[in-house]
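A short write-up of the structure that comes next.
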Amino acid sequence: MPHSKENVEANIYVIDDDQVVRESLEWLVSSVQLTVTTFESAEKFLASFDSTKPGCVIADVRMPMMSGLELQKQLHEKAPDIPVIIVTGHGELDMAVDAMKDGAFDFIQKPYKQQSMLETVQKAVRTSIEAFETHGQSSKQSELLSKLTKREREVLDQIVDGEPNKRIAGNLGISEKTVEFHRARIMEKLEARSLADLVKKSVLARVA
């Protein structure tokens, strides 16, 4: 039975120097079967953070030492597939806007509605999982692409440009039959089921 995107090995990190807030958010997010880990500071979170798994961060904007905004900037550079939700208090709207400009996923003002928080977290998790899946596919296709010979890469480039076999043969100074042979080998090596699939896999490989 397939899992929904909300519970596919996603980690939710709650970072707040207020223990009551941490425990409240941990209870709330756990209620929808998501794995939650809490931290009292951004520094402690960064020391144990696993960037190889999808999830999201819920961070208070004001904390001693490293603020939620500083943490968000660091994560945006090091782990862009981990969305950051900034929690702001009254009168901190300007800071929230700055956070969004710097790449934060969303901001939620205190006091927040529990349902609103849950919906934002679940949306962030879906976004993170989709990003990890896309990059995983890109890495795989890049690995498969590296198995092509130089000539196969030349043929593939022209296939992706929409050139027919006859023109590819003329451009590369080889026979049409040789182009057909290379084309079959490329399809096999990239595990492509059709021309459209081949083009898609080639594009994915190049963005890895």
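The values are calculated or read from the model by the stated rules, or taken from the named source; none is laboratory data. It should be emphasised that the depicted structure is a prediction, and the values quoted were computed from it without experimental measurement. When we count neighbours, we look across all protein chains shown, and the Cβ atoms used for this are built from the backbone with ideal geometry, even at glycine.
Miscellaneous remarks
For (1) among the hydrophobic types (A, V, I, L, M, F, W, C); (2) in contact with a strand residue (DSSP E or B) (Cβ under 7 Å, 6 or more places away or on another chain); (3) in the same structural domain as ARG62 (by TED's automatic domain parsing); (4) closer than 24 Å to PRO54 by Cα, each residue gets a yes or a no:
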residue: MET95; (1), (2), (3), (4): yes, yes, yes, no
residue: MET100; (1), (2), (3), (4): yes, yes, yes, yes
residue: GLY103; (1), (2), (3), (4): no, no, yes, yes
residue: ILE108; (1), (2), (3), (4): yes, yes, yes, yes
residue: GLN114; (1), (2), (3), (4): no, no, yes, yes
residue: MET117; (1), (2), (3), (4): yes, yes, yes, yes
residue: VAL121; (1), (2), (3), (4): yes, yes, yes, yes
residue: VAL125; (1), (2), (3), (4): yes, yes, yes, yes
residue: SER128; (1), (2), (3), (4): no, yes, yes, yes
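- SER51 being more than 20 Å from PHE132 (Cα to Cα), out of contact with any strand residue (DSSP E or B) (no Cβ under 8 Å at 6 or more places or on another chain), assigned by TED's automatic domain parsing to the domain that holds ALA131 and among the hydroxyl-bearing types (Ser, Thr, Tyr): no
- Single unsatisfied condition, PRO111 versus (1) exposed (fewer than 14 other Cβ atoms within 10 Å of the Cβ); (2) more than 30 Å from the chain's Cα centre (by Cα); (3) not basic (Lys, Arg): (2)
- Residue in the range 63-71 that is without any contact (Cβ under 8 Å) to a residue 24 or more places away in the chain, surrounded by fewer than 16 Cβ atoms within 10 Å (Cβ to Cβ) and either under 23 Å from GLN115 (Cβ atoms) or of a type in the set (D, E, K, R) (or both) present: no
- Single condition ALA192 does not satisfy, out of (1) within 18 Å of SER142 (Cβ to Cβ); (2) touching a residue at least 12 places away in the same chain (Cβ under 8 Å); (3) among the hydrophobic types (A, V, I, L, M, F, W, C); (4) surrounded by 14 or more Cβ atoms within 10 Å (Cβ to Cβ): (2)
- Criterion: of a type in the set (A, V, I, L, M, F, W, C) and modelled with pLDDT under 80 - qualifying residue of VAL155, VAL203, VAL160: VAL203
- Taking the criterion of being in contact with a Gly (Cβ under 9 Å, 6 or more places away or on another chain) and surrounded by 18 or more Cβ atoms within 10 Å (Cβ to Cβ), the residues of the range 74-94 that qualify are LEU75, ILE82, PRO83, VAL84, ILE86, VAL87, THR88.
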